[in-house]
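Have a look at the structure below before the remarks.
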Amino acid sequence: AKAEGRNRFHFFLPAMQQEAQTKMILTNDLRLAAHRGELSVHYQPILDLEDGRLEKVEALLRWSHPGRGEVGPQVFIPLAEASGLIHEIGNWLSFQVISHIAQWQKRFGQIIQVSVNRSPIQFDQGDALWLKQLAGLGLPGNCITVEITEGMLLKKSERIQQSFLDYRNHGIEVSIDDFGTGFSALSYLKQFDIDYLKIDRSFISEITVDESDKALTEAIIVMAHKLGIKTIAEGVETRAQHDMLRLFGCDYAQGFWYSRPVPASAFETILGRTQTE
Ligand code: C2E
Ligand code: CA
Ligand code: CA
Ligand code: CA
């Protein structure tokens, strides 16, 4: 058994070293990515299920690596978090998003509310920078929704409490991302002023075939509404899912059925089309 253990050790070490090395190289590349124009923001529409209107959108980061092609956020966000680069990238993203909102307002006469994902680590830096940019352009706070995951609300950190107060004072809205997949301690829902629950894709994907997913989704919507919270369904891929969510009174929906995340220019085309309808 001892020999076997040693073999396993020998077997895994090079692979681990290689993975660590790849991570290091990628992190170094990421450091330069923003300056080199390799990062971009894609936008995925969020539809109002009641009237079909498009007034919300989620901002999602994309990295086009010169040698590796598209590197997914699932890969590079963790690297950005571990290296602290998330602060710089997050600031860059906020700047892009806020400029886009201002441009769209000018061009389409409409304020689009953009959801921005925020890592727990980003709360260390506070929100002063982007709040100032928002105010500088004369934009209302509610054109930004901050998406966070439920885990961080259980940590009872003072910084997060402070951020929530800042958000409330500025009219920024808050959304709980991937709802139902995390720690499921619902107590935070009464401690924090939450505006939206995003029902995770893992519930939605089987909603029309799995009775438990159907029941849970319906229950989450009823509970949220009783607490004065709106619901957004994630990962809607079929008409049947869309119909069922409407029937359940879900407020908003997002997913490939409506649109994949698209570059800003393509999102503008979508906006232009909905304007003339
Ligand atoms: P998320 O916040 O849950 O974002 C939703 C993900 O689901 C996106 O993946 C989106 O492309 C994908 N998606 C949307 N509709 C559908 C659908 O109908 N079917 C399927 N199968 N997938 C759908 P993406 O863009 O690869 O992002 C993955 C994750 O990376 C995000 O999950 C988020 O946690 C993180 N991420 C992306 N951009 C940022 C960012 O700017 N900051 C931070 N902190 N995290 C980000
Ligand atoms: Ca999200
Ligand atoms: Ca999500
Ligand atoms: Ca509220």
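Distance between the C-alpha centers of the stretch 24-49 and the stretch 73-110? Whole Å please.
With the stretch 24-49 and the stretch 73-110 each reduced to a Cα centre, they are spaced 8 Å.
Cut-off 10 angstrom, C-alpha nodes, Gaussian network model of the chain. Which of Pro45, Pro14, Pro78 fluctuates the most?
Judging by the Gaussian network model, the answer is Pro14.
Given a 1.4 Å probe and every protein chain left where it sits, what share in percent of the accessible area of the chain is carbon and sulfur?
52
In square angstrom, rounded to the nearest 10, how much accessible surface does Leu186 have for a 1.4 Å probe?
Result for Leu186: roughly 90 Å² accessible.
To the nearest 20 debye, what charge dipole does the stretch 158-242 have about its Cα centre, counting +1 at the Cβ of each Lys and Arg and -1 at the Cβ of each Asp and Glu?
I would put it at about 280 debye.
Just to confirm, what accessible area per residue do you get for the stretch 1-145 at 1.4 Å probe, in whole Å²?
That works out to 55 Å² per residue.
If you stretched the chain out fully between Asp124 and Gln17, how much longer would it get, using 0.36 nm times the residue separation minus the C-alpha to C-alpha distance?
The Asp124-Gln17 span can extend by a further 35.5 nm.
Along Cα→Cβ, 7 Å out, is where each label goes; now give me the distance between the ones at Thr27 and Val209 in nm to one decimal.
Roughly 4.1 nm, to one decimal.
Can you list the lysines whose alpha carbon is less than 30 Å from that of Lys190, not counting same-chain residues fewer than 8 positions off?
Lys56, Lys132, Lys155, Lys156, Lys198, Lys214, Lys226, Lys230
Does anything in the stretch 33-58 have its amide N under 19 Å from the 7 Å Cα→Cβ label point of Phe108, and if so which residues?
41-58
Given Pro140, Ser202, Gly272, which one lies farthest toward the positive end of the charge dipole of the chain, if we put +1 on the Cβ of every Lys and Arg and -1 on the Cβ of every Asp and Glu?
Result: Pro140.
For the stretch 1-140, with only Lys/Arg (+1) and Asp/Glu (-1) charged at the beta-carbon, what is the dipole magnitude about the Cα centre, in debye rounded to 20? Display every interim value, and only then the final one.
Values: 14 positive and 14 negative charges, 85 e Å.
Computed about the Cα centre, the dipole is about 420 debye.
With a 1.4 Å probe and all protein chains in place, put Tyr258, Tyr167 in order of accessible area, largest first.
Details: Tyr258 55, Tyr167 5 Å².
I get Tyr258, Tyr167, largest accessible area first.
What size of dipole, in debye to the nearest 20, comes out for the stretch 18-86 about its Cα centre when the only charges are +1 on Lys and Arg C-beta atoms and -1 on Asp and Glu C-beta atoms?
420
Between Asp195 and Thr181, how many nm apart are label points set 7 Å from Cα along the C-beta direction?
About 2.3 nm separates the two model spin labels.
Can you give the relative contact order of the stretch 187-277 as a percent, counting alpha carbon pairs under 8 Å and 6+ residues apart?
Relative contact order comes out at 26 percent.
Return one whole number: the accessible area per residue of the stretch 185-277 in Å², for a 1.4 Å probe.
Averaged over the residues of the stretch 185-277, the accessible area is 52 Å².
The chain: longest stretch without exposed trypsin sites (Lys or Arg not before Pro) (DSSP loop, at most 15 other Cβ within 10 Å), sites themselves excluded?
157-277
Could you tell me the relative contact order of the stretch 1-150? Use alpha-carbon pairs under 8 Å, at least six residues apart, and round to a whole percent.
The normalised contact order for the stretch 1-150 reaches 19 percent.
Using a 7 Å offset from the Cα along the Cα-to-Cβ direction at both Thr238 and Asn142, what is the distance between the two label points in nm, to one decimal?
3.6
Using alpha-carbon pairs under 8 Å, 6+ residues apart, how would you state the relative contact order of the stretch 124-172 in percent?
RCO, the stretch 124-172: 51 percent.
The values are calculated or read from the model by the stated rules, or taken from the named source; none is laboratory data. These numbers come from a predicted model, not from an experiment. All Cβ positions, glycine included, derive from the backbone under ideal geometry; neighbour counts span all protein chains shown. The area values use the complete protein model at the heavy-atom level, side chains included, leaving out ligands, DNA and RNA. Shrake-Rupley method; radii C 1.70, N 1.55, O 1.52, S 1.80 Å.
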